[in-house]
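**Q** Once you've had a glance at the structure underneath, I'll fire off some questions.
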Amino acid sequence: MNVGDRVRVERDAVTHEGVLLPSSTDEELVVKLDGGYNVGLDREQASVEVLEENVHTVGESETGDSTVAFDEDLPTVALVSTGGTIASTVDYRTGAVTAQFDAEDVLRAVPDLAGRANYRGRVVANILSENMDASIWQELADAVHEEIANGADGVVVMHGTDTMQYTASALALMLDTPVPVVFTGSQRSADRPSSDNVMNAVCAVEAAKADCAEVLVCMHASESDDECALHRGTRVRKGHTSRRDAFETVGAPALGTVDYDTATGETPEDAVEFRGDYVARGERDLALAPALNEDVELLKFHPGMDPARLESLSDADGLVIEGTGLGHVHTDLIPTLAEFVDDGTVVAMSSACIEGRVCDRVYDTGRDLLDAGVVEAEDTLPETAYVKLMWALENHDDPAAAMGTDLAGEATDRSTPWQA
């Protein structure tokens, strides 16, 4: 038997069937089960039957040569990768799930994308999303800008889910786009039958062909494989560690949806539906303002917080505070914040509450914060406010005023109750 063979393994009256993977020791067998999980078994205590040889070709590369045919009747969608599992496949040389990057690789990983558009692939980074930083946001914005300038009718950005909301916010602020820019990812890897990579990728491409020329996040709308939600990039956050429908628009329904059955049917152009107002395709000219001030901090206030934590940030150019309720911190911290403002630091207040807006005119603490020069970030999400302040310090004449102004859909006019 060889790696890549389909085998039946029996041990202690328990039978497993799957594909044989490489093992780190000679004493163990590792089998990838049909359910997507791996099982390790003691080689001496197991009996093995080879059911089928070479189910997966094993070599330096199992992808081979491939081309993406051009159809002049189809739109062009640029696939830009930063890492993550959205276009990953199982590498049967190692047993690991590895990311694939160029257009051919993506089409092999997600064959359902074929025939929907002409594709070109581009790699900006190959990292876990927790390793993202401002320099990569800038590289990504440059790459997306270049793809659009070179004629892409839409862009799909493949990104890890953990920090997708930060990157989407950054691009929404840095880029004026005449075409859709759609972020998507995968909560579950491609080797699992519950993986969401295929549906998310298909729906993201359909959104990239649609009319909403904004930065969007496209992920499962529910645990079922029925539709994806389209969230505005500056109003979305990841609300669950592992569910496929982990992303949600805060304070409102999602901006749009993509019906998966329709997207995979005869009229995929009917799959995308938008509920609210949006910037239409071609309404804006392409422009890029990628400068960011990285000397900005995001501080979550909590009861009993050591004042030294705040004092250590005195040299920052900008500070976003995630305060309690309407936007409060301990009153003893307010003089320190006033000193920050006097020394030139822009201090913006957001709220730790999931919904609602900052309003520091209700209680004495809030009024004192306003008197100290702290600015209200309205109902901008703390993560988005952090990115926004980085951008405003480099691109806005009055960064403090910008934090209370809607620039890219991050702050709504008023917070009202809603039901999905």
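The values are calculated or read from the model by the stated rules, or taken from the named source; none is laboratory data. This structure is a prediction, so every number in the text was calculated from the model and none was measured. As a convention, Cβ positions derive from the backbone with ideal geometry for all residues, glycine included, and neighbour counts pool all protein chains shown. To get the accessible areas, we keep the full protein, side chains included, count just its heavy atoms, and leave off ligands, DNA and RNA. Shrake-Rupley method; radii C 1.70, N 1.55, O 1.52, S 1.80 Å.
**Q** Anything in the stretch 245-280 that is closer than 30 Å to ASP397 by Cβ and open to solvent by 70 Å² or more (accessible area, probe 1.4 Å)? List them, or say none.
**A** ASP277, TYR278 - these are the residues of the stretch 245-280 that are closer than 30 Å to ASP397 by Cβ and open to solvent by 70 Å² or more (accessible area, probe 1.4 Å).
**Q** In the stretch 307-420, which helices (runs of 4 or more DSSP H) lie fully inside it and hold 2 or more residues that are closer than 30 Å to ALA213 by Cβ?
**A** It comes to 382-395, 399-402.
**Q** Within the stretch 135-146, does at least one residue satisfy the condition of being under 19 Å from ASP196 (Cα atoms) and outside any strand (DSSP E or B)?
**A** The answer is no, given that none of the residues of the stretch 135-146 is under 19 Å from ASP196 (Cα atoms) and outside any strand (DSSP E or B).
**Q** Restricting to the stretch 165-184, and then to whatever is in a helix (DSSP H, G or I) and more than 17 Å from LEU255 (Cα to Cα), can you tell me which residue is most open to solvent (accessible area, probe 1.4 Å)?
**A** TYR166
**Q** Shifting gears a bit: With the condition kept exactly as written, say whether any residue in the stretch 387-406 is aliphatic (A, V, I, L, M), without any contact (Cβ under 8 Å) to a residue 60 or more places away in the chain and touching an Asp or Glu at 6+ places or on another chain (Cβ under 7 Å).
**A** For the stretch 387-406, residues aliphatic (A, V, I, L, M), without any contact (Cβ under 8 Å) to a residue 60 or more places away in the chain and touching an Asp or Glu at 6+ places or on another chain (Cβ under 7 Å): absent.
**Q** Step by step: first the residues of the stretch 132-164, then only those that are of a type in the set (Val, Ile, Thr) and open to solvent by 10 Å² or more (accessible area, probe 1.4 Å), then the one that is farthest from ASP73 (Cα to Cα). Which residue is that? So that I can check it myself, show each step before the final result.
**A** Initially, the stretch 132-164 is screened for residues of a type in the set (Val, Ile, Thr), giving 136, 144, 148, 155-157, 161, 163.
Okay, now just the ones that are also open to solvent by 10 Å² or more (accessible area, probe 1.4 Å), so 136, 148, 161, 163.
On the way: ILE136: 34, ILE148: 18, THR161: 33, THR163: 36 Å.
Filtering first and then ranking leaves THR163.
**Q** For the subset of the stretch 285-325 comprising residues that are under 28 Å from the mean Cα position of the chain (by Cα) and farther than 30 Å from GLU139 by Cβ, which member is least open to solvent (accessible area, probe 1.4 Å)?
**A** GLY323
**Q** Consider only pairs whose beta carbons are under 7 Å apart and that are at least six residues apart or on different chains; among these, list those whose first residue lies in the stretch 203-230 and is within 15 Å of ARG243 (Cα to Cα) and whose second residue is surrounded by fewer than 24 Cβ atoms within 10 Å (Cβ to Cβ) and basic (Lys, Arg).
**A** So the pair list comes out as HIS220/ARG244; GLU223/ARG243; GLU223/ARG244.
**Q** While we're on this one: Tell me, yes or no, whether the stretch 112-128 has at least one residue that is touching an Asp or Glu at 6+ places or on another chain (Cβ under 8 Å), modelled with pLDDT of 95 or more, surrounded by fewer than 21 Cβ atoms within 10 Å (Cβ to Cβ) and on the phi < 0 side of the Ramachandran plot.
**A** No; the residues of the stretch 112-128 include none that is touching an Asp or Glu at 6+ places or on another chain (Cβ under 8 Å), modelled with pLDDT of 95 or more, surrounded by fewer than 21 Cβ atoms within 10 Å (Cβ to Cβ) and on the phi < 0 side of the Ramachandran plot.
**Q** Let me ask something else. It is to be established whether one or more residues within the stretch 207-224 are open to solvent by 10 Å² or more (accessible area, probe 1.4 Å) and in a helix (DSSP H, G or I).
**A** No.
**Q** Any chance the stretch 194-211 includes a residue that's at pLDDT 95 or above, closer than 21 Å to GLU410 by Cβ and not polar (S, T, N, Q)?
**A** Yes - at least one qualifying residue is present in the stretch 194-211.
**Q** How do the strands (runs of 3 or more DSSP E) wholly within the stretch 1-92 filter down when requiring 3 or more residues that are at pLDDT 75 or above and in contact with a helix residue (DSSP H, G or I) (Cβ under 6 Å, 6 or more places away or on another chain): which remain?
**A** Counting at least 3 such residues, we get 76-81.
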